[in-house]
Amino acid sequence: MRLTVRTRLTLVYGGLFVLAGMVLIGATYILVQQRLPMAVAGRASSEIPPDALPGVGGETQPQFVQRVVDGTQNTALHTLLTQGLIALAVVSAAAIALGWLVAGRMLQAMQHLTATTVRIA
């Protein structure tokens with residue numbers, strides 16, 4: 001089965017859009033992952049007074065705070081990745097549909113040109 005020019009253009013540009021979106025999500029994830037430990041740990045240590053938290057389950061206050069910080073980081077990164085991929089899927093579907101329409105409009109002029117050339121010949 002041979003694909004039409006319109007379909008091939010849509011696949012190429014749609015694929016490039018999805019690839020660029022995945023690179024953007026990956027870069028964002030890495031940047032947030034690197035910055036988040038400093039932001040959360042600094043915030044946790046500055047907002048919690050030393051005697052505010054008793055040891056929970058035999059762990060010391062620093063261990064408890066570290067466990068909370070780690071949980072917050074994991075939740076934030078998981079949410080970033082999940083929501084980013086959902087958004088990428090929705091926007092990619094719209095971009096591919098729009099690409100299909102634009103490719104049809106662009107190729108329509110070539111079809112008229114080809115038909116005119118055949119008529120003249």
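The values are calculated or read from the model by the stated rules, or taken from the named source; none is laboratory data. Source: prediction; values computed, not measured. We place every Cβ from the backbone using ideal geometry, glycine too, and count neighbours over all the protein chains shown.
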Leu9 versus (1) under 21 Å from the mean Cα position of the chain (by Cα); (2) touching a residue at least 12 places away in the same chain (Cβ under 8 Å): which is the lone unmet condition?
(1)
Specify which of the listed residues (Leu81, Leu107, Leu85, Leu77) is in a helix (DSSP H, G or I), in contact with a Lys or Arg (Cβ under 7 Å, 6 or more places away or on another chain) and in contact (Cβ under 8 Å) with a residue 12 or more places away in the chain.
Leu107
Report, by residue number, each residue of region 1-57 that is in a loop (DSSP other than H, G, I, E, B), at pLDDT below 60 and loosely packed, with under 10 Cβ neighbours inside 10 Å.
Pro49, Pro50, Asp51, Ala52, Pro54
Selection count where residues are among the small types (Gly, Ala, Ser) and without any contact (Cβ under 8 Å) to a residue 60 or more places away in the chain, scope region 13-37:
4
